[in-house]
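In what follows, a single structure is set out as structure tokens and then discussed.
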Amino acid sequence: MIRSSGVFLAIVLAAPAVSAAPADLAPIVLPAPAAPGDAVKPFISVPAGKVALTHVTVIDGTGAPPQTDRTIVIDGAKIASVGPASDAPPKDAKVIDLTGRTVLPGIVGMHNHIFYIGRPNFDADGKSDPPLMVPEMAFTSPRLYLANGVTTLRTTGSVEPYTDLNLKHQIDAGILPGPHMDVTGPYLEGANSPFMQMHQLRDAADARATVAFWADQGVTSFKAYMDITRDELKAAIDEAHKRGLKITGHLCSVTYPEAAALGIDNLEHGFLVNTQLDPGKKPDVCPDSDGEPTMLSMDPDGPEAKALIADLVARHVAITSTLPVFEQRVPGHAPLWPRALAVLTPEAREAHLYARNLTKSLPPETAKERATIYAHDIAMERRFAAAGGLLMAGPDPTGNGGVIPGFGDLREIELLVDAGFTMPEAVRIATYDGAVYLGLANRIGTVAAGKDADLLVVKGDPAAKVTDIEAVETVFKDGVGYDSAALLATVRGRYGQY
Ligand SMILES: [Zn+2]
């Protein structure tokens with residue numbers, strides 16, 4: 001891609017040599033909206049047109065403080081203006097008085113799978129029968145995401161990449177309800193994976209060929225996984241970059257500094273899966289300890305943490321915060337909201353409650369360690385962001401029912417606030433910062449004139465009362481308003497099934 005902007009050029013020159021110019025994802029991830037079909041129409045509460053949302057509080061996604069009593073004018077798929085409510089709305093606009101509501105940018109979810117992980121016959125003691133199964137949630141996930149304000153997502157690893165691609169195309173064509181999608185290719189996993197639905201890479205050539213094949217099929221991002229070797233990762237990074245596509249990783253066999261030096265664009269799960277200080281860590285092998293000793297021993301203000309953060313920032317490696325899934329590991333974590341619990345199948349609900357009980361009854365020493373690990377991670381996420389690192393967010397909905405698409409994205413914002421970010425900062429991490437990473441910040445991620453009308457309307461004032469973020473009423477995607485409750489009603493008792 002050739003860009004004429006001098007600013008863009010300066011950024012490219014400062015980036016590591018391994019990064020290729022990124023492809024323009026806008027035509028693929030944010031194509032022109034199609035007319036809604038019969039399966040989408042029942043959820044539309046505000047049809048496309050000229051609409052004025054009056055008397056709203058706006059948290060605009062830039063990190064700026066909330067602005068009260070505003071009017072947002074939507075014209076077709078775009079935001080036409082954002083101004084004081086004292087300005088008269090255009091005469092031809094449909095006026096919707098949103099007094100007592102807050103409008104935020106649509107969430108840009110950066111770790112948003114379309115699957116559930118099932119552990120067959122999972123029981124109260126935590127035992128289950130092999131193998132781990134990863135059923136695709138192509139029905140529930142898109143509805144759950146959209147209902148909770150996620151208007152753009154990255155799938156961040158796929159077990160059914162053809163399904164994810166077809167799902168994306170059907171949503172874009174107006175056939176199915178759902179968010180905009182950056183479809184990630186199949187997990188780039190190495191040998192000895194516990195997941196039988198994943199291909200196990202044989203070598204670097206296989207990694208390169210796998211990336212090339214799936215890029216040709218239309219995926220727009222890649223994800224390396226826990227058992228990949230450095231050679232395989234390097235080949236995957238080079239092939240992805242050759243095509244202008246980015247690659248992230250949930251790593252274990254490869255440490256964070258190793259992956260950064262190889263040119264990876266993004267690392268998943270905050271700092272929680274770095275294995276650089278795990279005792280007995282062998283190159284290219286994922287230790288059974290999975291990074292716990294590294295995070296337990298890494299003082300967020302110590303020299304190792306400082307060096308790691310400086311290295312990642314210098315190399316422009318983004319970090320995805322996935323606090324909801326790690327919250328599950330900390331004893332005494334908050335229970336699921338009743339509205340969220342209601343979308344689980346009876347089996348998923350049972351598995352979630354078993355898992356929650358097991359966490360609650362951990363020995364005190366383990367419980368303390370887990371709390372320390374979590375505390376170290378959130379401290380490092382804050383220091384990374386403060387140092388200029390690009391911190392993004394996603395819930396990582398993966399089995400046991402504790403993390404649910406969409407609900408998890410809202411929970412992530414709450415947990416970022418718990419971690420010490422302000423509400424506007426947390427919203428920025430969950431919206432604008434993801435848009436920046438995707439190269440789509442000129443289209444999505446903030447509430448501003450000229451941007452796509454992807455908006456989330458909540459009842460209340462989340463900046464004053466954090467849990468108000470949960471009260472999603474309407475979600476606008478490309479200027480069309482969707483009724484959150486109507487979408488949720490169709491997935492009651494279904495998440496975990498399909
Ligand atoms: Zn994940």
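The values are calculated or read from the model by the stated rules, or taken from the named source; none is laboratory data. Since the structure is predicted, the reported quantities are computational estimates derived from the model, not experimental observations. Glycine also receives a Cβ, built like all others from the backbone with ideal geometry; neighbour counts cover every protein chain displayed. Heavy atoms of the whole protein, side chains included, go into the accessibility calculation; ligands, DNA and RNA do not. Shrake-Rupley method; radii C 1.70, N 1.55, O 1.52, S 1.80 Å.
Details
- If the condition is being within 16 Å of the ligand (Cβ to nearest atom), surrounded by fewer than 24 Cβ atoms within 10 Å (Cβ to Cβ) and part of a loop (DSSP other than H, G, I, E, B), then the stretch 142-173 contributes 159, 160.
- Taken as a whole, the stretch 227-245 holds no residue that is within 16 Å of the ligand (Cβ to nearest atom) and among the polar types (S, T, N, Q).
- Subset of the stretch 200-228 [touching a residue at least 60 places away in the same chain (Cβ under 8 Å), crowded, with 22+ Cβ neighbours inside 10 Å and out of contact with any Gly (no Cβ under 6 Å at 6 or more places or on another chain)]: 220, 221, 225, 226
- Top-ranked residue of the stretch 341-353 - restricted to ones that are open to solvent by less than 30 Å² (accessible area, probe 1.4 Å) and of a type outside the set (A, V, I, L, M, F, W, C), ranked as nearest to the ligand (Cβ to nearest atom): 352
- Condition check for residue 254: crowded, with 24+ Cβ neighbours inside 10 Å, away from the ligand (no atom under 16 Å from the Cβ), on the phi < 0 side of the Ramachandran plot and not in a helix (DSSP H, G or I): yes
- Entry remark, the stretch 425-445: residues being open to solvent by 10 Å² or more (accessible area, probe 1.4 Å) and under 20 Å from residue 481 (Cβ atoms) number 1 in total.
- Taken over the stretch 102-128, the criterion of being within 16 Å of the ligand (Cβ to nearest atom) and at pLDDT 95 or above is satisfied by 109, 110, 111, 112, 113, 114, 115, 116.
- Here residue 400 passes the criteria (1) more than 16 Å from the ligand (Cβ to nearest atom); (2) more than 12 Å from the chain's Cα centre (by Cα) except the one numbered (1).
- So residue 466, is it in contact with an Asp or Glu (Cβ under 8 Å, 6 or more places away or on another chain) and open to solvent by 20 Å² or more (accessible area, probe 1.4 Å): yes
- Which numbered condition residue 283 misses (of (1) away from the ligand (no atom under 16 Å from the Cβ); (2) of a type outside the set (Asp, Glu); (3) farther than 29 Å from residue 238 by Cα): (3)
- Checklist (1) under 30 Å from residue 21 (Cβ atoms); (2) part of a helix (DSSP H, G or I); (3) over 17 Å from the mean Cα position of the chain (by Cα) applied to residue 433, failing item: (3)
- For residue 304, the stated conditions do not hold, so it cannot be described as of a type in the set (D, E, K, R) and in contact (Cβ under 8 Å) with a residue 40 or more places away in the chain.
- Filter pass, residue 401 being touching a helix residue (DSSP H, G or I) at 6+ places or on another chain (Cβ under 6 Å), of a type outside the set (A, V, I, L, M) and on the phi < 0 side of the Ramachandran plot: no
- Residue match in the stretch 109-125 (condition: in a strand (DSSP E or B) and closer than 25 Å to residue 424 by Cα): yes
- Single match in 238, 231, 288 (criterion: free of Cβ contacts under 8 Å to residues at least 60 places away in the same chain, open to solvent by 20 Å² or more (accessible area, probe 1.4 Å) and not in a loop (DSSP other than H, G, I, E, B)): 231
- Filter pass, residue 297 being of a type in the set (S, T, N, Q), free of Cβ contacts under 8 Å to residues at least 60 places away in the same chain and open to solvent by 60 Å² or more (accessible area, probe 1.4 Å): yes
- Test result for residue 398, under 19 Å from residue 270 (Cβ atoms), surrounded by fewer than 19 Cβ atoms within 10 Å (Cβ to Cβ) and modelled with pLDDT of 95 or more: no
- Restricting attention to the stretch 354-366 and to residues that are closer than 16 Å to residue 325 by Cα and free of Cβ contacts under 8 Å to residues at least 40 places away in the same chain, the residue that is most open to solvent (accessible area, probe 1.4 Å) turns out to be 360.
- Flag for residue 169 being free of Cβ contacts under 8 Å to residues at least 60 places away in the same chain and either out of contact with any Asp or Glu (no Cβ under 7 Å at 6 or more places or on another chain) or not aliphatic (A, V, I, L, M) (or both): yes
- Test: residue in the stretch 369-392 that is within 12 Å of the chain's Cα centre (by Cα) and either within 16 Å of the ligand (Cβ to nearest atom) or part of a helix (DSSP H, G or I) (or both): yes
- Of all residues in the stretch 469-498 being in a loop (DSSP other than H, G, I, E, B) and among the aliphatic types (A, V, I, L, M), the one that is surrounded by the most Cβ atoms within 10 Å (Cβ to Cβ): 491
- Residue list for the stretch 311-340, restricted to those being closer than 27 Å to residue 392 by Cβ, away from the ligand (no atom under 16 Å from the Cβ) and in a helix (DSSP H, G or I): 311, 312, 313, 314, 339, 340
- For residue 296, the requirement of being within 16 Å of the ligand (Cβ to nearest atom), modelled with pLDDT of 95 or more and within 29 Å of residue 356 (Cα to Cα) is not met.
- Residue in the stretch 259-274 that is farther than 25 Å from residue 182 by Cβ, in contact (Cβ under 8 Å) with a residue 24 or more places away in the chain and within 16 Å of the ligand (Cβ to nearest atom) present: no
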